[in-house]
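The values are calculated or read from the model by the stated rules, or taken from the named source; none is laboratory data. Not measured: the values here are computed from a predicted model. For neighbour counting, all protein chains shown are included, and Cβ atoms are generated from backbone atoms with ideal geometry for every residue, glycine included. Note: areas computed on protein heavy atoms with side chains; ligands, DNA, RNA excluded. Shrake-Rupley method; radii C 1.70, N 1.55, O 1.52, S 1.80 Å.
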Amino acid sequence: MNCIVCMTSVPDTASVIKVGGDGKGIDGSGIKWIVSPYDEYALEEALQITEAKGGEVTVVTYGPDHAEAALRDCLARGAHQAVHILGGEATLGDSFTIAKVLAAAIKDREYDLVLCGFKGVGTDCGQVGQMLAELLDLPHIVNVLELEVGDGSLTAGRDVEGGKEKIESPLPSLVTCQKGLNDPRYAALKGIMAAKKKPVEKIEVANLGVDEGSGGFYKVEKLELPPAKAAGTIIQGEDDAAAAAAELVILLREDAKAI
């Protein structure tokens with residue numbers, strides 16, 4: 001049972017995000033790049049499947065040089081192979097281009113199951129998995145919370161409004177993984193040391209026959225941080241609570257338009 005996990009590298013959730021000098025991306029200096037949290041569930045599920053049924057887990061990412069650190073993390077957790085498609089600086093949030101690149105890298109490999117996080121943290125589009133499945137001509141199930149893989153087929157469960165849904169699919173197939181599917185493991189020291197010596201396959205986008213600059217899903221015109229919040233208003237009511245309450249009502253009605 002060979003599994004391919006599509007992984008994206010994202011800033012650590014504790015990072016302070018700054019807009020880059022071009023105004024169309026983030027300033028990557030000083031940022032720690034990690035495996036996108038939802039992709040951790042995809043990796044863990046692939047590892048559990050291959051541990052139970054045999055086979056290998058191949059992790060594929062599309063991104064600049066810093067993405068290798070996240071690939072090494074996946075290898076440290078137990079992935080057998082890692083593929084790094086170099087590029088992506090100009091495709092921020094462009095789900096269709098990302099899916100085309102991944103599809104070109106995956107289509108000739110041997111696999112039974114492709115797993116992705118249901119969205120990449122940061123752009124939060126939640127579209128790459130479905131687009132990738134269509135490009136690979138695979139049946140797909142999204143937002144999976146339960147997964148049972150049999151011989152030649154799988155059964156997946158997910159939450160829907162008002163209840164739960166069970167779906168059966170033949171293999172090969174693609175699933176996108178939601179929080180709650182499993183508990184991702186941490187990398188042990190032995191795995192971290194071993195991952196440093198494992199090879200990472202490097203692929204240039206041009207060698208896949210994909211032009212990053214054409215046929216894009218959309219393009220980023222400008223990024224900007226939310227405006228700073230104004231300081232709050234403190235009403236002193238120790239001496240005259242009634243007056244303070246009256247002032248509060250005025251502020252809520254006339255300034256905040258809340259009542």
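Given a Förster radius of 41 Å and the C-beta distance between Val200 and Val160 as r, what FRET efficiency does 1/(1 + (r/R0)^6) yield to the nearest 0.05? For R0 = 41 Å, the calculated efficiency reads 0.60. Bridging of Lys257 to lysines at a Cα separation below 25 Å is possible for Lys229, once same-chain residues fewer than 8 apart are set aside. Local charge for Lys32 was computed over the other residues whose Cβ lies under 15 Å away, with Lys and Arg +1 and Asp and Glu -1, and equals -3. Can you bin the chain into rounded, prolate or oblate? Criterion: square roots of the alpha carbon gyration tensor eigenvalues sorted a ≥ b ≥ c, rounded for a/c under 1.5, prolate for a/b above b/c, oblate for the rest. Judged from the Cα gyration tensor, the chain comes out prolate (a/c at least 1.5, a/b above b/c). Report, in deg cm²/dmol and to the nearest 500, the calculated mean residue ellipticity at 222 nm for the chain, where each DSSP H run with n ≥ 4 adds -39500 (n - 2.57) and the sum is divided by the residue count. Here the helix-only value at 222 nm equals -7500 deg cm²/dmol.
Accessible area ranking (1.4 Å probe, heavy atoms, ligands and nucleic acids excluded), largest first, for Asp94, Asp151: Asp151, Asp94.
Computed from backbone phi with θ = phi - 60° and the Karplus coefficients 6.51, -1.76 and 1.60, the 3J(HN,Hα) list for segment 19-28 is 6, x, x, 7, x, 10, x, 9, 7, x Hz; x is used for glycine and proline.
Calculate the FRET efficiency for Lys229 and Glu51 from the Cβ-Cβ distance with a Förster distance of 51 Å, rounded to the nearest 0.05.
Details: r = 48 Å, r/R0 = 0.94.
Once the sixth-power term is evaluated, E becomes 0.60.
Ligands, DNA and RNA excluded, the heavy atoms of Thr123 present near 70 Å² of accessible surface to a 1.4 Å solvent probe.
Round to a whole number: what % of the accessible area of segment 1-148 belongs to carbon and sulfur, probe 1.4 Å?
Details: 2800 of 6020 Å².
The computed percentage sits at 47.
All other residues whose Cβ lies under 15 angstrom from that of Glu247 are scored, Lys and Arg at +1 and Asp and Glu at -1, for a net of -4. Seen from Gly87, the other residues with C-beta closer than 9 Å to its C-beta sum to a net charge of -3, counting Lys and Arg as +1 and Asp and Glu as -1. For the chain, the longest principal axis of the C-alpha atoms and the axis of helix 67-77 are separated by about 70°. Where in segment 223-241 is the amide nitrogen less than 20 Å from a point lying 7 Å along the Cα-to-Cβ axis of Leu248? Residues passing the 20 Å test: 231-241. The relative contact order of segment 92-197 comes to 27 percent, based on Cα pairs under 8 Å that sit 6 or more residues apart. Cross-link check: pairs Lys18/Lys179; Lys18/Lys119; Lys179/Lys219; Lys107/Lys219; Lys53/Lys107; Lys164/Lys219 evaluated at a Cα-Cα cut-off of 31 Å; pairs beyond the cut-off: Lys164/Lys219.
How would segment 133-250 be classified by its alpha-carbon gyration tensor: rounded, prolate or oblate, with rounded meaning a/c under 1.5 and the a/b versus b/c comparison settling the rest? Please list the in-between numbers first.
Numbers: a/c = 2.21, a/b = 1.82, b/c = 1.22.
Because a/c hits 1.5 or more and a/b exceeds b/c, segment 133-250 counts as prolate.
Between the DSSP loop rule and a limit of at most 11 other Cβ atoms within 10 Å, which trypsin sites (Lys or Arg not before Pro) in segment 168-259 are left? Working shown, then result.
Values: sites: Lys179, Arg185, Lys190, Lys196, Lys197, Lys202, Lys219, Lys222, Lys229, Arg253, Lys257; in loops: Lys179, Arg185, Lys196, Lys197, Lys219, Lys222, Lys229, Lys257.
For trypsin sites (Lys or Arg not before Pro) across segment 168-259 that sit outside H, G, I, E and B with at most 11 neighbouring Cβ atoms in 10 Å, the list reads Lys196, Lys197, Lys222, Lys229, Lys257.
Look at the dipole of segment 1-73 built from charges on Cβ: of Trp33, Val60, Leu71, the Cα furthest out on the positive end belongs to Trp33. A 1.4 Å probe run over the chain, with the rest of the protein chains in place, finds 56 Å² accessible per residue.
Here the contact order of segment 37-80, divided by its residue count and restricted to Cα pairs under 8 Å and six or more residues apart, works out to 42 percent. When you restrict to C-alpha pairs under 8 Å that are six or more residues apart and normalise by the size of the chain, the relative contact order lands at 23 percent. Relative to the first principal axis of the alpha-carbon coordinates of the chain, what is the inclination of helix 241-250, with its axis defined by its Cα atoms, in degrees from 0 to 90 and to the nearest 10? So the helix axis and the longest Cα principal axis differ by about 60 degrees.
Considering only DSSP states other than H, G, I, E and B, which chymotrypsin sites (Phe, Trp or Tyr not before Pro) in segment 174-233 qualify as loop sites with at most 14 other Cβ atoms within 10 Å? Numbers along the way, then the final one.
Details: sites: Tyr186, Phe217, Tyr218; in loops: Tyr186, Phe217, Tyr218.
Here the chymotrypsin sites (Phe, Trp or Tyr not before Pro) that fit, given the DSSP loop and packing criteria, are Tyr186, Tyr218.
When the square roots of the Cα gyration tensor eigenvalues are ordered a ≥ b ≥ c, the ratio a/c for segment 106-161 is 1.5 or more and a/b does not exceed b/c, which makes its shape oblate. Between Cys125 and Asp240, what length comes free when the chain is fully extended (0.36 nm per residue of separation minus the Cα-Cα distance, one decimal in nm)? Once the chain is fully extended between Cys125 and Asp240, it gains 36.3 nm.
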